[in-house]
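The values are calculated or read from the model by the stated rules, or taken from the named source; none is laboratory data. Here the structure is a predicted model, which means the values were calculated and not measured. Cβ atoms come from the backbone with ideal geometry, glycine included; neighbour counts cover every protein chain shown.
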Amino acid sequence: IGSPPRNLHLLLPSPGIGHLIPFVELAKRLVHQNLTATIITFSDLSSHVQQSLLSSLPVGISSVSLPLIPLDDLPANAHVVTRLSHMIARSIPFLRLILQNLQKFNTRIVAYITDLFGGDTLSVATELSIPRYVFFTSNFFYFSFFHNLPHLYSESGGVHHTLSLPGCVRLHARDFSRSAIDKESEEFAWMIRHAKQIDRADGIMVNSFEAVEGDAAKFLKERGKGKPPIFPVGPLTSKVELESKVDCRYMQWLDRQPDRSVLFISLGSGGTLSMEQTREMASGLEMSRQRFLWIVRAPAGSDASANYFSAQGGGRSELLDFLPPGFVERTKDTGMIVHSWAQQEKILAHEAIGGFLSHCGWNSTLESMVNGVPMIAWPLYSEQPMNAVLLVEGLKVALRPTPQVEKLVNRDEIAEAVRRLMEGDEGKEARKRMQEVKQAATAAVGVEGASYMALTSIVNIWKASGL
Ligand code: UDP
């Protein structure tokens, strides 16, 4: 007679720290509901951020790494979606082994959870009779778009001007998710494939909440028979506690700044700017005469996602010689520069922060919301332009600079947007609305809140099926 079976749920976030972070947070919430969790990760030996995150998982959550999956046969400039889709598809035999081994060792797997790019792996769970769930780490707006993609392109040959998805703010074709634009591309084919798979899940959790996307959530929840049930479970945001040797001079610097006086600038885990745009950003910040804390990354040509697979700072040079000459010295009293990576969640929670210039990644957006910080939208790739539309036009909690020249926001436009947010009436209004969003966010994930109850109802489904 062995020990009783452990009730485990398994999670497979697709590659990238922006996917791993919300999965860790989801696992934490499920552990609170008396489950244990194993997170299956893609090896990223050079990512110190991923390693610190995994080495500091709380009791009840373990991780197991898939072997390194070579992609050398792909073209060097293959799109992020293409790269991560190949990684997932090639990992399936290893995933099957991991799941089979766990089942052998007296472990009852109550659910297998993957994300929007993991549809191909759902079949492994089906083979092993494990309930299949998708955790959609973005919002309902993007979910609607993603889910509709195959239909949009098969029915009308694509969308040329604007698109009105039920319950969502109107979308212009220029703001479409970047990987869903070029119909001839490999990433587009992957997107269609993933979108078709998502409804094979037994349930779909979305990291958003009804107070900000009530109509879209309602429409999707009522999609009709045969579709998996949808659960808004957000905002699931985390405190990324890195290990002890983190340089926290920037938190000490924040402690010395007046309340709500600092603009925080961060472009997520993957975002980079061109050399020209980096210099304009520096000059614009200087001209704005506002305090700022900027997570700076070395410029990377025209690929805005250049940092996605390159490990968030692992072993990179910390030289700042790409910034305008004298910039660091001239702004040393009002500005703080951090190279490559900082503890964003902690920064956004600091009372000195008054605004956030963000690439509008959904985790960053949620972190801004839970801290009531109004934003400047600076979308780069993926669904970020859609998130920007939701924030600027839908919720009106963000401003957006309006460049005269396509693809380059100049220093005057940056300085103006920064001043509008930090000092202007528009900024005040955006802050007021963000405070309301903050309250709604706190209520949603609090005990008895709608998102908390949605997650509990999923656990109850698992319990009813023999937990
Ligand atoms: N992040 C961080 N420090 C950084 C950059 C990013 O802690 O210097 C965290 C950020 O708080 C968020 C995640 O990394 O939780 C980025 O996810 P998001 O969805 O915003 O963007 P992505 O990186 O996926 O583009």
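Computed quantities for the displayed model
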item	result
Lone unmet requirement of (1) in contact with a Lys or Arg (Cβ under 9 Å, 6 or more places away or on another chain); (2) modelled with pLDDT of 90 or more for I92	(1)
Single match in W294, W253 (criterion: surrounded by fewer than 18 Cβ atoms within 10 Å (Cβ to Cβ), within 16 Å of the ligand (Cβ to nearest atom) and modelled with pLDDT of 95 or more)	W253
Selection count where residues are in a helix (DSSP H, G or I) and out of contact with any helix residue (DSSP H, G or I) (no Cβ under 6 Å at 6 or more places or on another chain), scope the range 439-454	5
Inter-residue pairs, beta-carbon under 6 Å, first touching a residue at least 60 places away in the same chain (Cβ under 8 Å) and over 21 Å from G424 (Cα atoms) and in the range 359-377, second of a type in the set (D, E) and near the ligand (Cβ under 8 Å from one of its atoms), 6+ apart	E367/E345
Pick from the range 103-148, criterion part of a helix (DSSP H, G or I) and out of contact with any helix residue (DSSP H, G or I) (no Cβ under 7 Å at 6 or more places or on another chain), ranking: nearest to T36 (Cα to Cα)	Q103
Unique residue being of a type in the set (D, E, K, R), in contact with a helix residue (DSSP H, G or I) (Cβ under 9 Å, 6 or more places away or on another chain) and either at pLDDT below 95 or surrounded by fewer than 20 Cβ atoms within 10 Å (Cβ to Cβ) (or both) when the list is K432, K396	K396
Residue within the range 34-56 that is closer than 27 Å to P228 by Cβ, within 16 Å of the ligand (Cβ to nearest atom), within 18 Å of the chain's Cα centre (by Cα) and among the small types (G, A, S) present	no
All positions within the range 435-467 that are under 21 Å from the mean Cα position of the chain (by Cα) and of a type in the set (D, E, K, R)	K438
Breaking point among (1) free of Cβ contacts under 8 Å to residues at least 24 places away in the same chain; (2) farther than 29 Å from A195 by Cα; (3) exposed (fewer than 14 other Cβ atoms within 10 Å of the Cβ), for P58	(1)
Residue that is farthest from R291 (Cα to Cα), among those in the range 317-364 that are near the ligand (Cβ under 8 Å from one of its atoms) and of a type in the set (F, W, Y)	W362
